[in-house]
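Asks: Okay, here's the structure, questions in a sec.
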Amino acid sequence: MQNQNYSVVLKGVTKTYDDTQVLKKIDMELEKGKFYTLLGPSGCGKTTILRIIAGFTEASSGEVYLDNQAVTSIPANKRKVNTVFQDYALFPHMNVYDNIAFGLSVKKVHPDTIKTKVNDVLQLVQLKGFENRNISEMSGGQKQRVAIARALVNEPEVLLLDEPLSALDLKLRTDMQYELRELQRRLGITFVFVTHDQEEALAMSDWIYVMKEGEIVQSGTPNDIYDEPINRYVADFIGESNIIPAKMIEDYKVEFVGKVFECEDAGIPANEHVEVVIRPEDVILTTPEDGQLIAKVDSQLFRGVFNELIAYDEDGNEWMAHTTGKVAVGSRIGLRFDPNSIHVMRLNESEEDFDARLEQYED
Ligand SMILES: Nc1ncnc2c1ncn2[C@@H]1O[C@H](COP(=O)(O)OP(=O)(O)OP(=O)(O)O)[C@@H](O)[C@H]1O
C-alpha cells in the first residue's frame, strides 16, 4: 500500500480535548533511518503528536501507521517505539544498570541476554563503568544518556525524544546534540525529536516540521526552511530576518524602498503587495556609491565571530547585517543583495493558495 521505507505515517490526524482542537489534520511521512524534528512554540501540539505515535494518547480521527501497519488499536507496549522524556523519568532509587535493565526484566528476558544488551547500550552511550552508580549521583548529561540507553535497549524502530536536552546548560547541550546525531547515524533508526529551539532543529535534523497552533506550517530540510521560509511566522521563528514591505513587478522582479531588484520568485501577479525576507548574513555591505540601497548605521554589537549591525534605509526600514569589519555608528553605507538571497512572501494568502505553494515547496 505505502512506500516500504516509511517507519511512521500520520494521515489526517486530529486531536480534540473537550471543545479545543489541539491537532488539525496532521499528515506526516517519516522515512526509515532519518532524523526528524517537530519545531514550534510551547503548546502547538508537538508532544501530542509524539504521544499519538507512541500510543499513549488516541487520535480523535485520522490514521497512524508504523512500519506500514495501521496501529490505531495496538497498545503502546506492543509498538516498536520508545520515548525519551524531558525529565528523563528514571527510577531514582535504582542504579544505572537496573534502570536500563528494568523493561527487559519485566518482559522476563533471560538474565544473560539482559546483561549483554545492557552492556552494549552502555557502550553506545559511553557510560561503561557507571553500572552501579545511583541515579542521584549522576550529572544532567549522564542522566540523559541513561534515559537514552534505557530506550535503546528495547531496540526500537522509532525513538521519540521530547525536548531531551532542555534541562542541560548550553555547553553540554551542544555536546549532546553532536552525540545524539552521531548515535542516530550509527544506529540508523528513525528519530523524532521535539524542540522549540530553532538552532537545535537546524543543527540536528534531516527534515523539520515547523508547527503553529496544531498545524504544520512548513516542512523541509533545514536549508529549505532557513532559506525559503514560507511566511512571516516561519521566517521569524527560524533565526533573525529582515522583513521589508515590497511589491511584485513581474516574475523575477520585485520592488522595495523605491528600487527594483531581481529575485528568484515567479508566479505572483504583478503589482501584488508582498514582503521580502533577507537574512542578515546575506546583506552585502559596501560604500554608498556601490550600494543598491543606502542606509545609516544606528548601532553595532560584537557577536564573537562577527559584528551585528543595525542600519536604517531612506524609507526608515530597519536592516540587520553581519560584518567581520567595523563600521562607524552614524556613518552611511551601501547595501547590496544577490537575487537568490531575496525571498518573496505573499501577504494574506488564502488557505488554498497557501496549500498549493506548500506543495510546490515540498516537491
Ligand atoms: N490531557 C490534556 N487535556 C487537555 N488539554 C491538553 C492535554 N494535553 C495537552 N493539552 C493541550 O494541548 C495543547 C498542545 O499540547 P502539547 O503538549 O502537545 O504542546 P507542545 O507543543 O508539546 O508544548 P510544550 O513545548 O510546552 O511541551 C496545549 O494547549 C495543551 O494545553
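Asks: Just to be sure I understand, how many residues within region 188-199 are touching a strand residue (DSSP E or B) at 6+ places or on another chain (Cβ under 8 Å), modelled with pLDDT under 95 and either more than 16 Å from the ligand (Cβ to nearest atom) or assigned to a helix (DSSP H, G or I) (or both)?
Replies: 2
Asks: Pull up region 47-61, narrow it to residues that are more than 10 Å from the ligand (Cβ to nearest atom) and surrounded by 17 or more Cβ atoms within 10 Å (Cβ to Cβ), then point me to the one that is farthest from TYR209 (Cα to Cα).
Replies: The residue in question is GLY55.
Asks: Of all residues in region 8-60, count the ones that are in a helix (DSSP H, G or I) and not charged (D, E, K, R).
Replies: Count: 7.
Asks: Moving on to the next point. If only one of ALA151, ALA203, ALA167 is surrounded by fewer than 17 Cβ atoms within 10 Å (Cβ to Cβ), of a type in the set (A, V, I, L, M) and in a helix (DSSP H, G or I), which one is it?
Replies: ALA203
Asks: Sticking with this one: If I ask for residues that are part of a strand (DSSP E or B), more than 20 Å from PRO245 (Cα to Cα) and aromatic (Phe, Trp, Tyr), which ones from region 287-328 would you list?
Replies: Scanning region 287-328 gives a single hit, PHE302.
Asks: Please work out which residue is farthest from the ligand (Cβ to nearest atom), limiting yourself to region 1-46 and to residues that are of a type in the set (S, T, N, Q) and in contact with a Ser or Thr (Cβ under 8 Å, 6 or more places away or on another chain).
Replies: SER7
Asks: Quick check on my filter: what residues within region 305-327 are farther than 16 Å from ILE284 by Cα, without any contact (Cβ under 8 Å) to a residue 40 or more places away in the chain and over 25 Å from the mean Cα position of the chain (by Cα)?
Replies: GLY316
Asks: To continue, here is another question. I need a count of the residues in region 286-308 that are of a type in the set (A, V, I, L, M) and modelled with pLDDT of 95 or more.
Replies: 4
The values are calculated or read from the model by the stated rules, or taken from the named source; none is laboratory data. These figures come from a predicted structure and were not determined experimentally. Because the Cβ atoms are built from the backbone with ideal geometry, glycine has one as well, and the counts that use them run over all protein chains shown.
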